[in-house]
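Take a look at the structure set out below.
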Amino acid sequence: MRNPLATLSADDRALLRRRLRTPVLTFLALLALLAVNVTLGATLPFAQVWIVELLVVAVMVSLILLVSMEVIHEPPLVRLFSGLGFFWVAIMVGMTLTDYLAR
Amino acid sequence: MSEGLADGVGVARAGHFETVGQQRAAATLGIWAWLITELLLFSALFLVALITRILHPEATVAAAKHLKFWIGATNTVVLICSSLTMSMAIEFSRIGWQRAMVRAMLATAALGGLFLVLKGYEYYADWAEHMMPFLSSRPFALAETPPARLFVNLYYVATLLHAVHLFTGIALLLGMTWLAAKAGFLSRHQNWIEVYGLYWHFIDLVWILAFPILYVVNR
Amino acid sequence: MTPNHAALELWPAAVSATASETDLLILAFTVLTLLLTVPVFVAITYFALRYREGSEADRQPSGIRSNLIEISWMLIPFLLTLIFFVWGARLYITSRNAPPDAMVIEAIGRQWMWKFQHPTGQAEINNLHLPIGQPIRLHIISQDVIHALYLPAVRLQIAALPDRYTDLWFKADKIGTYHLYCSEYCGTDHSVMGGEVTFMNPGDYQDWLTHAGAQQGKVAAGRSLYEAYGCAGCHDPGSAVKAPSLAGLYGSPVKLADGRTVTADETWLREKILNPNGDRLAEGTKQVMPSFAGRIPEDELGRLIDFLKSYTAPASGKAAQANP
Amino acid sequence: MSATGSVGGTARREPHAPEATLGRKADYLHADSTLRSWFLTTDHKRIAILYLTSITGFFVIGAFAAGVVRLALIVPNGAIMTNDTYNKAFTIHGVVMVWFFLIPSIPATFGNFLIPLMIGAKDLAFPKLNLTSWYVFMSGAFFTLVSLVLGGVDTGWTFYAPLSTAFSNTWVLPALIGVTVVGFSSILTGLNFVVTIHTMRAPGMTWFKLPIFVWTHYATSLIFLLATPVITTALILLIMERGFHIGVFDPAYGGDPVLFQHLFWFYSHPAVYIMVLPGMGVISEIVPAFAQKKLFGYRFVAYASIGLASVTFFVWGHHMFINGQSDLASLVFSALSFAVAVPSAVKVYNWTATIHKGSLRLDTPMLYAMGYIGLFVLGGLTGLYLATLAINQHIHATYFVVAHFHYIMVGGTVLAFLGGLHFWWPKFTGRMYSEPWGRVSAVLIFIGFNVTFFPQFILGYLGMPRRYATYPVEFQLLNVLSSAGATILAAGYIFPMLYLVYSLWFGRKAPANPWNAKGLEWETGSPPPKHNFLSPPAVPRIPYDYPIQAQESQDQHG
């Protein structure tokens, strides 16, 4: 099979670069963040490290939602929907914890 | 999306819609509504993990230490790669590069398959380590801390449910790739790729959540 | 209705101060309910008659600002009911915090019986005898599924959980015998899982502990053996094996496979436990019971037979003799 | 997706409704009559009829089980049937009525049929998904029926662990699978409605021109989407625990069965509003139509629907006050439960105010609506008794609870269902039912219902626990009364089945708008043509544009 890039014109290469810049950058950012978490998980540098780990996860999740899933480019309704589920998870977890943390 | 679609790329209107814009908006909203339900489905399991951790911290940590951390991490990398190839497929579909799109989709499916293979190997390793408490024929490695099996069981339910989603996703993706390789697909059903891409990214997102919740924070 | 049926009471007996206050709360809430519902019922009926199609009625808009009305009928009923939240919550908190000097009764729920153990060691099954004028704390757990102990006379109930203890406390101030129920659905004989709670004067309670309680204790010990040796697994109603029920068996005639009839006395019961598949077999059942010869010590055998002697058919549908 | 996405290449851009020429006589019922055209239809109206037929079947099964329960309770000592039979009867009654009748009842039938008509669309956004949801529903029903045929289930519809996972010897697994599967059908229906209401409204049909029926269905659909997945997970965990010993609730290993109850009620409390809200929508259509008057406080009623759907997610713990939940949780859940009173009061008082100075016709649908308002008020307020902590400690799990939720479910949802069925029957079938018979049954059902369930409030207060196969003799009088009421109620249910079916062939042909009602569904034929409207419907100036309009303040133009 031929190298697909070899047949591309200069215009196409520019187009490709423009189109793939965001996905590739996101990809690299996600890998970097994962590396942070894996390092923290493997070394356990201090007791409350899980807080940092969860913060890193929150950043990864927002990155996927906003950039990979293109929520920032969507109309307000879709943005609302993308956040709605998380809000409801917060209700479920929060209200359940009023039981478990107070037993 | 930041840029419009190339010429000859678009969506054929179905009879009950008034405009193509309406049809695209409906499809996008529909998949987001579905993703909300997926999020809540998995979050209920994450909630159970949290409560198990609160009720039995030591046993949960003991069980989590037995999970195959490095396989989990590798699998996360695999899924992040598949997210990239899926994003590429979407971009190719928008600029009308059908062949590149099909290849990116096949790569995505292959990465998904790799994830499942690694997951299968992980289950095998769990089996070898006597980490399957539900098998009456193999005594549980952590039998002296009974609550450990709660977390281990939850790990199986959560990862199996995710694997089922991934398996379904791969099957759908392959079916769609077969259709997408035909001439004229991009002029009629370009938004299928976009809609499917959202699903794939979301399965990825669920794993991005599941990996730390199961493997990392309880270590 | 047959004449010996207990009469229907329209207000259940309340034997503690908390129970009486709960009644008051319910009555007050009922007054509020009437205040809120009767106007609606009357209005609907009146409007339906007054404004029927074709009737001569003024249908001119009244011109009242509707936002004001809306907000008033949103908030007024809500604020009124909030009074009841506060009242109910206060009462609830009282009923959740037992005084430290409460007498502790251990309660164990299992499918389908309650076992109560008094601080002095006496135990009883399904029924409970308690002194009045003293705080009582029931310390409750379940051996299998979730049950709930419900004592209507003190207006309280609480789940019996399989994994941790729950508490129920009250201070009765009236003597009498009242119902005791399981109120969390727990399987086949859920409705039979209960008995009576008897509140007694402290002196009578001491008396009961030394006489009937001790006897009850022996029976309860036999019942534990009945469970421990697995008799219940086959002989209790609802078991998969469908072995004959032993309730009420003692002293009754038993038809044997060879046509004879014997009375189920101590000797026969003893023989059937030790050597179930020997002679004098009962009619109509398969001989699948294992022999207990050499597996059950003589003193335990005696207690088991004592239990069988006192074991009567479950008291379903039996009325509690309310005794105010 | 931005608007630029819509300029895509080969989209066909025909003018509106070219199908109108395909044959004006062919309404959706007669367009095609093969079996295949029914079972593979993607027409929302036909799917609604498929649902209507199937849920009627389940209603009959559930009602039969209820009859068995009421029969058993005529005597206190359980002489009529064994405890196991009784337990299975009430479990079947609960499972079938909740999951196979009440939850799909109004949304999957009336909602399916009417939402596209009311918003002026040709169909739901995803017609194939709509058909899929019916097949998913039927496969869930299949599993549940399998469990019933094999010997039944005895866990109660709540499936509490560990009774359901480890102790029950009945066919729990197929029932669990059936209920899990049926949840997906709810999700698909809800998803379809949400997307349809957002994207398929006719030009000019703004949110505040939508009938309240559409608003309540929107709220219901949000609950479908946000609550149902959680019970799916909870049930999957039960299935794994019972079927494969992969359990997380098992107390033998330190698991907490109360956690199952949290997940269960996170869905099942909002599910109450899945059953109630669509009924409120139906009543909000019937009352203005039969008073010939604009709905009072339209915007408040609309917002109250969304309010109810949101508040309902914060109160589930009031089902668990005595179940070992922490005192803090009980206090929080109790306090929040009182907030439900606000939007409920908005609804009830606005309906009452709508009747005020109207021009009333007391036809069958209106009789049901008036019955609904009265019974719903009682059911709702008795719910506040149960939300009051100290009262709950006494009447939790007694017949008071049974009476309370039957006032909501039967007095509310079933009456609204029957009211709506009569109201839109001409639209569904093109035939008029017999009005005298309709009124007789409505009155019969109202009386039968109250005789059946009012005594249960007293029984509960006297302390009779629910789910009891045998009970103390002093409760017999009230139980016999209740069973007697159930026979009246049964008669009230049988009449409509007979005269409605009769009307299919012998009923008078219905005009397009027999009630002189407002709303786009009345602008098209009875029954509607295959693609709903022959010409694009004119969206009205305001919703509920009835002759009599209460003068409302300026900011209340809606």
Along the stretch D:27-44, Karplus-curve 3J(HN,Hα) (6.51, -1.76, 1.60; θ = phi - 60°) to the nearest Hz, with x for Gly and Pro, reads 6, 5, 6, 9, 4, 7, 10, 6, 4, 4, 5, 8, 7, 10, 6, 10, 6, 4
Sorting D:THR216, D:THR155 on the 10 Å Cβ count, fewest up front, what's the list?
D:THR155, D:THR216
Principal-axis tilt of helix C:66-96 within chain C, Cα atoms, nearest 10 degrees
30 degrees
Counting other C-beta atoms within 10 Å, and keeping those with at most 16, which DSSP coil GluC sites (Glu not before Pro) do you find in the stretch C:45-150?
C:GLU53, C:GLU56
Sorted by chain and then number, the residues having a modelled amide H within less than 5 Å of the amide H of C:GLU106, at least 5 places away or on another chain, are C:GLN117, C:HIS139
Report the antiparallel proportion of the DSSP beta bridges in the protein assembly as shown as a percent, rounded to a multiple of 5.
70 percent
Please list the non-local residues whose amide H lies under 5 Å from the amide H of C:ALA282, H modeled 1.01 Å from N, same-chain partners needing a gap of 5 or more.
C:ALA257
Which of the trypsin sites (Lys or Arg not before Pro) across the stretch D:335-400 are loop residues per DSSP, with 16 or fewer other Cβ within 10 Å?
D:ARG361
Comparing A:ILE72, A:ILE51, A:ILE91, which has the greatest mean-square fluctuation in the GNM of chain A with Cα pairs linked when under 10 Å apart?
A:ILE91
Explain nothing, just the number: relative contact order of chain C, from Cα pairs under 8 Å at least 6 residues apart, as a whole percent.
15 percent
Go through the stretch D:300-314 residue by residue and turn each phi into a ³J(HN,Hα) via Karplus (6.51, -1.76, 1.60, θ = phi - 60°); whole Hz please, and just put x for glycine and proline.
5, 5, 5, 5, 4, 5, 5, x, 4, 5, 7, 4, 4, 7, 9
Please identify the chymotrypsin sites (Phe, Trp or Tyr not before Pro) of the stretch A:1-66 that satisfy two criteria: DSSP loop assignment and at most 13 other Cβ atoms within 10 Å. Which are they?
A:PHE46
Size of the dipole of the protein assembly as shown about the Cα centre, Lys and Arg at +1 and Asp and Glu at -1 on the beta carbon, nothing else charged, in debye to 20?
3300 debye
Checked the protein assembly as shown with the C-alpha gyration tensor, a ≥ b ≥ c its square-rooted eigenvalues, rounded below a/c of 1.5, otherwise prolate if a/b is larger than b/c and oblate if not; verdict oblate
Whole-number percent relative contact order across the stretch D:311-397, with pairs defined as alpha carbons under 8 Å at least 6 apart
38 percent
Express the relative contact order of chain D as a whole percentage, based on alpha carbon pairs under 8 Å and six or more residues apart in sequence.
18 percent
Amide H of C:TYR311: which non-local residues (sequence gap of 5 or more, or other chain) have their own amide H closer than 5 Å, using H built in the peptide plane?
C:GLY248
Which of A:THR26, C:THR94, D:THR91 has the fewest Cβ neighbours within 10 Å, and the rest in rising order:
C:THR94, A:THR26, D:THR91
Neighbours of B:ASN191 by Cβ distance under 11 Å: Lys/Arg at +1, Asp/Glu at -1, summed charge +2
Post the alpha-carbon centroid distance, the stretch B:174-219 to the stretch C:159-180, in whole angstrom.
56 Å
Quick one: Karplus J couplings for the stretch D:259-270, per residue in order, coefficients 6.51, -1.76, 1.60, θ = phi - 60°, nearest Hz, x for Gly and Pro?
4, 4, 5, 4, 5, 4, 7, 4, 8, 6, 6, x
P(r) over all Cα-Cα pairs of the stretch D:366-455, 5 Å bins from 0 to the longest distance, whole percent per bin, short to long, reads 3, 14, 22, 20, 14, 10, 8, 5, 3, 1, 0
XL table D:LYS45/D:LYS209; D:LYS45/D:LYS122; C:LYS218/C:LYS242; D:LYS427/D:LYS509; D:LYS209/D:LYS518; Cα-Cα > 19 Å flagged, in table order, is D:LYS45/D:LYS209; C:LYS218/C:LYS242
Need one value for D:117-127: mean number of C-beta atoms belonging to other chains within 10 Å of its residues' C-beta atoms.
3
Once Lys and Arg get +1 and Asp and Glu get -1 on their Cβ, which of B:PHE46, B:VAL9, B:ASN218 lies farthest toward the positive end of the dipole of chain B?
B:VAL9
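Values quoted throughout were computed directly from the atomic coordinates according to the rules given, and no laboratory measurement underlies them. All of these numbers come straight from a predicted model, not from anything done at the bench. Cβ: placed from backbone, ideal geometry, glycine included. Neighbour counts: every protein chain shown.
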